[in-house]
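Okay, so here's the structure we're looking at.
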Amino acid sequence: MSGPRVLAIESSCDETGVAVVVGGRRIEANQVASQVALHAVTGGIVPEVAARQQLRWIVPTLEAAFQQSGVGWEDLDAVAVTHGPGLIGSLLVGVNVAKALAVTHDLPLVGVNHIEGHIYANWLTGAAETPLPAEPPFPLVCLVVSGGHTQLVLMQDHGRYTLLGQTVDDAAGEAFDKVGRLLGLPYPGGPAISAAAVGATPATRFPRARTAGPYDFSFSGLKTAVLRAVEGYRARNEPIPIDGIAAAFEEAVVDALATKTLAAARDHGVAAVALGGGVAANAALRHSLGQRLRAEGLPLLVPPPALCTDNGAMIGAAAGFRFAAGDRADAALEAVPNLALPWLVP
Ligand code: KG4
Ligand code: ZN
C-alpha cells in the first residue's frame, strides 16, 4: 500500500497510544496503555495522575509499537501527535515527545485534533486486509460521542467540517460515567452501565430533553432524573433496581443520540453516517442507530470498539490525510486544551 507511513502519538487524556499507520488507513501497529484500572480507584480521572502516567508509559508504548510494526526510523515519513482538545498535562507529554522525535530523526511533524482522530477511525483497516475496503463516502454525518465531547459534524470532504450541533451541558460519555457512579457501578460508567442493561427491562421511562438547536443534546436533566429515581427508592426503603435503571438511562441516551443523528442525516442528504468516540463502542447505540438508518437506506459506519476509545491509530489516520494535503507543523506546535476543529461557516 502506498502513502506516507506515520508514527502517531495520542496522549490527550488517560490513554497512552502509539501507532504506525500507512496512507491514513492501514494499521501496522497500534499499542495502547490504559490507565482505567488506576482511575477506577478514585472513581474518575485525576488530571495530575493522568499526566504522570502518560510520562510513565510513553516510552514503553513507543517501543512496543516499533516492535509490533517491525519498522525503523528510516521507514517513517512523519511523526503525528494529538495537540488538543484534552487535559493540558497529558497533552504536553505527547506533544513534547513528538517534537523531540521529529527533530532528532529529521521527520516532518503533523498536529492532529483529537475529535478529527475519532472521525478518521472510520478510515482504518488492519494490516492484512486486502483489497483495501472502500473509503467512507462524502457527504458524511459523524456523531462524535466521547467522555469529553458530543458533536454532530457534517463532513463534506477531507478536512471540511461543519458543526451541526453539540451538547449544551454534559458529554454523553460523561453522563454514562456520572450515572455509573450514582448507581455504584465501577469506573468507567459506560461499559458498566451497558453490561448491567443487557437483557434488563427498563425500570421507568426517563424524559427526553428539549434543546433549542435541532441537533443539540442535553444530558444533565437525565442525570438529575436518575438521581431523583435513586433517591425515591432509598426514601421508600426499596431495593434499587440497578439493571432496570441502567437500561432506562441507556435507552434515553441512545434514543436522543439516534433521533438527532437520523434527523441530521435526512436534512443534509448524506451518503452515510459514521460514529466515533468511546460511546460509539456502546452496543445498544450501534444497534438502534444502525436499524433506524437502514430503514432509510443509509449505511452506518462504526469502527471496531477498540478503535472507538482513544488510540494512536485514529491519530495516524487523520494525520495521513493531513500530511498528504501538505499540512506540516513545527517546533512551535502547542498543546491546546480547548482546541476546536476548523469549522466551516454553515
Ligand atoms: O473517546 P474516549 O476513549 O475518551 C475521550 O476522548 O473522552 O471515551 C471515553 C468514554 C467514557 O466516558 C466511557 O464511559 C465511554 O467512553 N464508553 C462507553 C462505552 N465504552 C466506553 N459508553 C457507553 N457504552 C460503552 N460500551
Ligand atoms: Zn477521545
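Things worth noting here:
- Among the DSSP helices (H) of the chain, those spanning at least 30 angstrom by Cα along their long axis with an average Kyte-Doolittle hydropathy of 0.0 or more are 242-267; this is a geometric and hydropathy rule only.
- If you sort the three axes of the alpha carbon gyration tensor as a ≥ b ≥ c, you get a/c of 1.5 or more for the stretch 21-157 and a/b no higher than b/c, which makes it oblate.
- Among beta bridges from DSSP that stay inside the stretch 1-137, the antiparallel ones total about 55%.
- Residue order, fewest to most beta carbons within 10 Å, for ARG294, ARG5, ARG236, ARG286: ARG236, ARG294, ARG286, ARG5
- The local environment of PHE217, defined by Cβ-Cβ distances under 12 Å, has a net charge of -2 under the rule Lys, Arg +1 and Asp, Glu -1.
- If you wrap the tightest convex hull around every Cα atom of the stretch 174-300 and split its volume per residue, you get 101 Å³.
- Where only DSSP H runs of four or more residues are counted, the chain gives -13500 deg cm²/dmol as its mean residue ellipticity at 222 nm, each run worth -39500 (n - 2.57).
- Close amide-amide hydrogen proximity is noted between VAL336 and GLY84, each under 5 Å apart and 5 or more residues distant or on a separate chain (H modeled in the peptide plane; Pro and chain starts excluded).
- Based on C-alpha pairs under 8 angstrom that are at least 6 apart in sequence, the stretch 189-275 has a relative contact order of 42 percent.
- Every pair of different Cα atoms in the chain enters the Kirkwood calculation, which places the hydrodynamic radius at 20.5 Å.
- Set of lysines near LYS223 by C-alpha distance (under 20 Å), chain-local residues within fewer than 8 positions excluded: LYS178, LYS260
- For the stretch 161-166, putting each phi into the Karplus relation 6.51 cos²θ - 1.76 cosθ + 1.60 with θ = phi - 60° gives couplings of 10, 10, 7, 8, x, 7 Hz, in residue order, rounded to whole numbers and with x for Gly and Pro.
- Distance in nm between pseudo-label sites at THR201 and ALA128 (7 Å out along the Cβ direction from Cα): 4.5
- Summary value for the chain: 26 percent relative contact order, contacts being C-alpha pairs under 8 angstrom separated by 6+ residues.
- Nitroxide proxy distance, nm - points 7 Å out along Cα→Cβ at THR104 and GLN67: 1.8
- Whole-angstrom gap from the stretch 279-346 to the stretch 207-236, using each part's C-alpha centre: 28
- Full-stretch length increase - ARG234, VAL168 - with 0.36 nm per residue and alpha-carbon distance subtracted: 20.7 nm
All of the numbers you see were taken from the coordinates with simple rules; none came from a lab. The shown structure was predicted, so the numbers you read here are calculated from the model rather than taken from an experiment. Cβ sites come from the backbone with ideal geometry, for glycine too, and all protein chains shown count toward neighbours.
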